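The values are calculated or read from the model by the stated rules, or taken from the named source; none is laboratory data. Since we're looking at a predicted model, the values are computed, not measured. Cβ placement follows ideal geometry from the backbone for every residue including glycine, while neighbour counts extend to all protein chains displayed. Ligands, DNA and RNA are stripped out before the accessible areas are found, and what is left, the full protein with its side chains, is counted by its heavy atoms. Shrake-Rupley method; radii C 1.70, N 1.55, O 1.52, S 1.80 Å.
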Amino acid sequence: LPTANNSFFYPSASLGVVITEALGMSENKVLPFGKLRLSYASVGHDAPSYALGKYFSGTFVGDGWTSGVNFPYNGVAGFSVDDVLGSNALRPEKNNTIEIGTDLRFIKNRIGVDFTFYRSRAVDQILAIPVAGSSGYTNQFMNAGTVSNTGFEITLNATPVKSKDFRWDMQVNFTRNKNMVVSLREGIDNIFLGGFEGSSVRNVAGQPYGQIYGGTFLRDANGNHIIESDTNSAFYGFPIDSGKEEAIGNPNPDFLCGFSNTLTWKGISLNILFDFRKGGQMWNGTIGALANFGMSKVTEDRDVDYTFEGVKGTLDGDGNLVLQDENGNAGTVTNDVVINRNQQWFLTNGGGFGNVAEQFIQETSWIRLREVSLSYSLPTKLLEKTPIAGLNVGISGRNLLLITPYEGIDPETNLMGSVNAQGLDYFNMPNTR
């Protein structure tokens, strides 16, 4: 950070009360332990490296398909000015969080509940903001964003069965988070986080963090696709391209849940972990590209009669929507035009290289068998005459089963890697099983 701003104060305070001790209930069989907690923290964060000025870096030339060319190349050095301009007026980011929680244990600690509610607000976020290309740069670091997160987490621990030789332990963890881009710097409409081939991930004030943007089809006020009704148009009978880039998907899940069971019999232990995700969307660019190349299963259905769902309409000379059929009759008319959905359709908006990306947005809910492990602990009597205090032998497997409506290879992968731009799939690699 600049010298004037490179020292910053971020305090925190917490309060915890063990209510069972305060009320003399430590020996209570129903509620032997109960704790309430409250905390507040203001966490500071500085700027990334090289964010204060303008610098040179080694040049890379890429085409999006190959590994490209890195300099030095054949002994020739190559440097270029970074396309992101720094700023000597940056202030530290601040993330202010309040958290309320409780930890309760029942029936001789056989059942435990841990609940946490939190609300955080990140201000003065340091982001690379788009600037006019005529400046010689594409972005500049600025304090430009305010983001809020509100959510809760619940963890339930229980031991339903406990005997001399057998024990069953289970844990359920439920998490729900709602984030929102509260505001951006004045004059900034949106912030580009990442993207590829007609799709992009952006931050827009008033919307959840990291919305997926792309081209859309034209729709009426009721959300119906508008099907071209002008018989003189080359696109007669096909959905009309809106010509706009709009929010088409939200990669953020509604909630996450984990369910773990551990069964122990004498020295044998079996653990099974399920992972649930509800909601969230992803742009399946892989399916779009395969449709363009004629390698997707959907392209088996080409050169056949087809009728698109929607209502008839056209655009007048001023680009305004007019709902009417091919005979000029105004009003909402269900489309019944039969067309030939041929190769040309999949090479344009029916495929991944057209102007429209919304048809490749898919749900990413899932149920995963995240992990299964089986282990055996040797009895200590067998190890008494050895220097080994304990020995456990086991086998485990991960990602053994996936149930999801997503048609891609794995809804948990991401084209952009572990960065803030989530929800893009373009020939991604699957997780390891």
Place +1 on the Cβ of every Lys and Arg and -1 on the Cβ of every Asp and Glu in segment 140-263, take the dipole about the Cα centre, and give the residue among 163, 226, 145 whose Cα lies farthest towards its positive end. 163
Hits among aspartates and glutamates - C-alpha to C-alpha of residue 35 under 19 Å, sequence gap 8 or more where chains match: 21, 27, 99, 103, 114, 153
Can you tell which of 279, 328, 86 shows the greatest fluctuation in a Gaussian network model of the chain with Cα springs below 10 Å? 328
Which lysines, if any, have their Cα less than 24 Å from the Cα of residue 94, not counting same-chain residues under 8 positions apart? 178
Using +1 at the Cβ of each Lys and Arg and -1 at the Cβ of each Asp and Glu in segment 344-433, identify which of 369, 353, 426 lies farthest towards the dipole's positive end. 369
Relative contact order for the chain: what percent, with Cα pairs under 8 Å and sequence separation of 6 or more? 11 percent
Based on Cα coordinates alone, diagonalise the gyration tensor for segment 92-160, multiply each eigenvalue by 5, take square roots, and list the semi-axes in whole Å, largest first. 46, 12, 7
When a/c is below 1.5 the answer is rounded, else prolate if a/b is larger than b/c, else oblate, so apply that to segment 352-408 with a ≥ b ≥ c taken from the square roots of the Cα gyration tensor eigenvalues. prolate
Suppose every K and R has +1 on its Cβ and every D and E has -1 on its Cβ; what is the size of the dipole of the chain about the Cα centre, in Debye to the nearest 20? 2900 debye
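For segment 231-317, what ratio Rg/Rh do Cα atoms give with a Kirkwood hydrodynamic radius?
Taking Rh as the inverse mean 1/r over Cα pairs, Rg/Rh reads 1.25.
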Obtain the nm distance between the two label points defined at residue 12 and residue 232 by a simple spin-label model: each point lies 7 Å from its Cα along the Cα-to-C-beta direction. 7.0 nm
Probe radius 1.4 Å, ligands and nucleic acids ignored: give me the carbon and sulfur share of the accessible area of the chain as a rounded percent. 55 percent
Just to check, using Stokes-Einstein with a Kirkwood Rh over alpha carbon pairs, what's the diffusion coefficient of segment 312-386 at 10 °C and 1.306 mPa s in µm²/s? 83 µm²/s
Calculated P(r) of segment 307-433 - Cα pairs past 23 Å, %: 64 percent
Fully extended contour minus Cα-Cα distance, from residue 386 to residue 367, at 0.36 nm per residue: 2.4 nm
With springs connecting C-alpha atoms under 10 Å apart, model the chain as a Gaussian network and identify which of 421, 13, 291 has the largest mean-square fluctuation. 13
Straight-line reach only, C-alpha to C-alpha below 15 angstrom: list the aspartates and glutamates that residue 266 could link to, leaving out same-chain residues fewer than 8 apart. 165, 169
Of 262, 340, 405, which is farthest along the charge dipole of the chain in the positive direction, counting Lys and Arg as +1 and Asp and Glu as -1 at C-beta? 262
Kindly sort 166, 308 by accessible area of their heavy atoms, largest first, with the probe set to 1.4 Å. 166, 308
Using each residue's phi in segment 394-411, evaluate 6.51 cos²θ - 1.76 cosθ + 1.60 at θ = phi - 60° and report the 3J(HN,Hα) Karplus result to the nearest Hz, with x for Gly and Pro. x, 9, 9, x, 10, 6, 7, 8, 9, 10, 7, x, 5, 8, x, 6, 6, x
For the chain, modelled as a GNM with alpha-carbon contacts under 10 angstrom, which of 222, 139, 261 fluctuates the most? 222
Return the subset of 54/244; 29/162; 164/278 for which the Cα-Cα distance in this structure is over 28 Å, preserving the input order. 54/244; 164/278
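What FRET efficiency comes out for residue 178 versus residue 245 if R0 is 25 angstrom and r is the Cβ-Cβ distance? Round to the nearest 0.05.
Efficiency computed from Cβ-Cβ geometry: 0.50.
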Using alpha carbon centers only, segment 1-57 is separated from segment 100-174 by a whole-angstrom value of 13 Å
FRET efficiency for residue 320 and residue 255, using Cβ-Cβ distance with R0 set to 41 Å, rounded to 0.05: 0.45
Could you state, as a whole-number percent, how many of the C-alpha pairs of segment 236-372 are farther apart than 17 Å? 73 percent
Please work out the Cα convex hull volume for segment 19-136 and give it in Å³ per residue. 220 Å³
What one gets for segment 104-214 as the Kirkwood radius, inverse of mean 1/r over different Cα pairs in Å, is 17.6 Å
How high is the FRET efficiency from residue 30 to residue 431, r the C-beta distance, R0 41 Å, rounded to 0.05? 0.40
Between the DSSP loop rule and a limit of at most 10 other Cβ atoms within 10 Å, which GluC sites (Glu not before Pro) in segment 82-190 are left? 186
Mean Cα-pair separation over length for segment 345-417, i.e. relative contact order, pairs under 8 Å, 6 or more apart, %: 35 percent
Solvent exposure of the chain as accessible area per residue, Å², 1.4 Å probe: 58 Å²
Dimensionless Rg ratio for the chain, taking C-alpha atoms and the 2.2 N^0.38 Å reference: 1.30
For Cα pairs less than 8 Å apart in space and 6+ apart in sequence, what is the mean separation divided by the residue count of segment 129-246, i.e. the relative contact order in percent? 17 percent
